[in-house]
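Let me begin by presenting the structure, written as structure tokens, before commenting on it.
The values are calculated or read from the model by the stated rules, or taken from the named source; none is laboratory data. Here the structure is a predicted model, which is why all the values come from computation and not from measurement. Here the Cβ positions follow ideal geometry from the backbone for every residue, glycine too, while neighbour counts run over all protein chains shown. All accessible areas refer to the heavy atoms of the entire protein, side chains included, with ligands and DNA or RNA removed. Shrake-Rupley method; radii C 1.70, N 1.55, O 1.52, S 1.80 Å.
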Amino acid sequence: MHYKYFNMSFHQDYIMLSLSVILCLAGSAFSFHLLSKADRDGSDTRKIWLSWASLLAACTIWTGYLFAIAARKVYTQTGFDLEIALVALAFTLIGVFTSNTVSSYKNTYLSQLLGGILFGMTLAGTSAILLRSYNVASLENTVPTLDIWPVVLGIVFGTALVRLSTGLRTKVAYGSAVGLMPIAVLTIYLTSSGLPNPAVPTFFPPTSELLTNKQMLLVTLLILGACAGLAASGRVLHKHQKQSSQRAYRHLSLQDALTHLPNRQYVKQIAKSLLDQAKEDKKHCAVVLIGLDEFKTINDLHGYETGDAVLCTMANSLRHQFPENVVIAKFYGDEFLIVNPSMETPDDAIEFARQVRTLARQPVLLKKYRLSVRSSIGLAIYPRDGDNLDQLVQRANLASKQAKSIGGNLIQPYVTGMEENNRWEASLAADLRNATPENQLSLVFQRQNLTQSGKLIGLEALVRWRHTEKGPVPPEDFIPIAERSGIILDIGEWVLREACREAIKWSDPVTLSVNASPLQFSRSDFAGLVASVLMETGLPAERLEIELTESTPIEDHERVLDTIMALRKTGVRVAMDDFGTGYSSLNTLQAFPFDKIKVDRVFTRSLETNSHSRAILRSAILLGHSFGIPVIAEGVETRKQLEFLQETGCQEVQGFLFGKHLLPSQIATSQTNSKRSASQ
């Protein structure tokens, strides 16, 4: 193709133009990838992603123009003024960074439009300055005419690119943005190839020394490579930081934050090796589960600090008494698990359980008083009572509950058929089946607030059961039974429907959070049920957040994943509840696309006195930032806990510091008071 430039003929080198396009494609692919990281990151590292993306995008645009200009075959001496070219690079970098910053501010249509105009002006201005750096023999004192078309086209392309860059989470938007960048650069360059206008004053007087095309392109590639290397090294550094955080959390997740004993996840990992070793040595394995009697009463009468002291004292007594081959774990709440894989006979296992009871009976010496502790101990023996640790633990737990039900403070070995004899649980399960049709269930709501401002952003629905004869039954008693028996499906549907009916009445349309178990998510029609309830009640999908709890293992991963994806397509958000206490929190977070992480209250409650809890909270928050999803900490009860969470960047909090549970009738008054306080 033939062109006229400075009244001189020239042709285009299509190989060089192709290189310009290829470099633009590669650079924009990387820069938009970094920009998508900034879009998903809600933490302070977002600014770093934005800076890297802007740096690489500016170098890409600059390089694309230079290669396009160098593609001109002019039949006279030519060269590039390096100083003016570097001025163009600085101009491009400032323009791109300003555009990205403006367009991402609050992510509104006006900010995107203004950012697009700035980006387009940057594209046109860079072309004009670089054309000024291109010198042709005997025409050094002229400057190319800045036509209106490059400016108009720059604004059009810039607005389109900025609009696409705000939705890079989809492959279509990402591919369109990457493909549009070289088109914009090449189009603006071609429309900038006008005739000279000697009357126009030059703002960039040429220097005496010029670089040849090859020299300039070599400098260009070095600068582009340095920028890409810097951005890539930052990406690798961030990835390494994320992996380090994951390793640190994985290590901490195998340890109980309060007692520093191994937890259930650790026991689960080593279970097979323990039993294999016992089988190989022809030994019996004693599985002892200690359940503290009336531990809730200790917390209620003496406070949670005393309860924590009791657990820590018990842990220290057990840790220092037994040899290394005996596994001692903090299992659940007020329960300890001890596994001894080197028993000669079942009688030795029973004697070992007596030693455990002696230690568990030791009084706890506190600063002001001496506290006696009672324990119910369940015993299961391998291979007599089971051939896998899950079964043995379940039967030891059943035996412990049996011991507690007949008075506590004693040892109860597992007896064949004890499952059928667990009448209390069976009776409670039978009564629970009638709780929904007989209107024995009710709802209360707990506030969810922004950490920094304290603004109310949501309410979590919690179910309560008042038995007609036994009175109020604590959720920690009936929810596990409901999950094991399948009754949770009926209860969950009732809670979802009633909570949505209440939420549609609220004057302040905040988010409604509803808990659901993995069993509910495993139902093929759960997403359909949610959609039906939303349609029935009129609650907008974007106001509903389903919290998937880890209280039971997630077995059907594929169906749960399908359910989560179906819910998100309707606009419903899905949060991971009780993060850090489940069977495999980190694996669950990696396996499912959650919209929020909810850190369990056990870590918040002990963060003031326990460095491990603080470390776990920091790791969880950093992990959430790495995944680009917000983190909410529950169980916030003191100002010091709130201040720690504010400092560590936790976005949302929930707990009694912001008020007790609300009845449905109290929510309207509470929201009115919140608005009145905010206006004052």
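Things to note:
- Search result, residues across region 630-647 that are in a loop (DSSP other than H, G, I, E, B) and open to solvent by 20 Å² or more (accessible area, probe 1.4 Å): Pro630, Glu637, Thr638
- Considering residues of region 1-29 that are at pLDDT below 55 and open to solvent by 70 Å² or more (accessible area, probe 1.4 Å) only, the residue farthest from Ala68 (Cα to Cα): Asn7
- Qualifying positions in region 282-317 - of a type in the set (Asp, Glu) and not in a helix (DSSP H, G or I): Asp293, Glu294
- Positions within region 634-666 being within 15 Å of Glu460 (Cβ to Cβ), of a type in the set (Gly, Ala, Ser) and touching a residue at least 40 places away in the same chain (Cβ under 8 Å), in sequence order: Gly655, Gly659
One line per residue, one yes/no per condition, for (1) over 30 Å from Val21 (Cα atoms); (2) open to solvent by less than 40 Å² (accessible area, probe 1.4 Å); (3) modelled with pLDDT of 60 or more:
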| residue | (1), (2), (3) |
| --- | --- |
| Val200 | yes, no, no |
| Leu210 | no, no, yes |
| Leu217 | no, yes, yes |
| Leu230 | no, no, yes |
| Gly234 | no, yes, yes |
| Lys239 | no, no, yes |
| Ser253 | yes, yes, no |
| His260 | yes, no, yes |
| Gln277 | yes, no, yes |
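- Qualifying residue in region 598-615 (condition: assigned to a loop (DSSP other than H, G, I, E, B), open to solvent by less than 40 Å² (accessible area, probe 1.4 Å) and at pLDDT 90 or above): no
- Look at (1) crowded, with 17+ Cβ neighbours inside 10 Å; (2) modelled with pLDDT under 85 and you find that Arg559 fails only one, number (1).
- Phe656 being farther than 17 Å from Lys596 by Cα, out of contact with any Ser or Thr (no Cβ under 8 Å at 6 or more places or on another chain) and open to solvent by 60 Å² or more (accessible area, probe 1.4 Å): yes
- Residues in region 474-494 that are within 22 Å of Ile632 (Cα to Cα) and either open to solvent by less than 60 Å² (accessible area, probe 1.4 Å) or more than 30 Å from the chain's Cα centre (by Cα) (or both): 1 in all.
- Of the helices (runs of 4 or more DSSP H) lying entirely inside region 354-473, those containing at least 2 residues that are polar (S, T, N, Q), closer than 30 Å to Ile487 by Cα and more than 37 Å from the chain's Cα centre (by Cα) are 389-405.
- Within region 271-307, the set of residues being touching a strand residue (DSSP E or B) at 6+ places or on another chain (Cβ under 7 Å), among the charged types (D, E, K, R) and within 18 Å of Gly408 (Cα to Cα) comprises Asp293 only.
- Residue in region 300-323 that is loosely packed, with under 13 Cβ neighbours inside 10 Å, among the small types (Gly, Ala, Ser) and under 30 Å from Thr638 (Cα atoms) present: yes
- Considering only residues in region 410-444 that are open to solvent by less than 40 Å² (accessible area, probe 1.4 Å) and of a type in the set (S, T, N, Q), the one that is modelled with the highest pLDDT turns out to be Gln440.
- Among the residues making up region 91-102, those that are within 15 Å of Thr60 (Cα to Cα) and either open to solvent by 50 Å² or more (accessible area, probe 1.4 Å) or basic (Lys, Arg) (or both) are Phe91, Leu93, Ile94, Phe97.
- Selection within region 332-364 - open to solvent by 90 Å² or more (accessible area, probe 1.4 Å) and touching a residue at least 40 places away in the same chain (Cβ under 8 Å): Tyr332, Glu344, Arg354, Arg361
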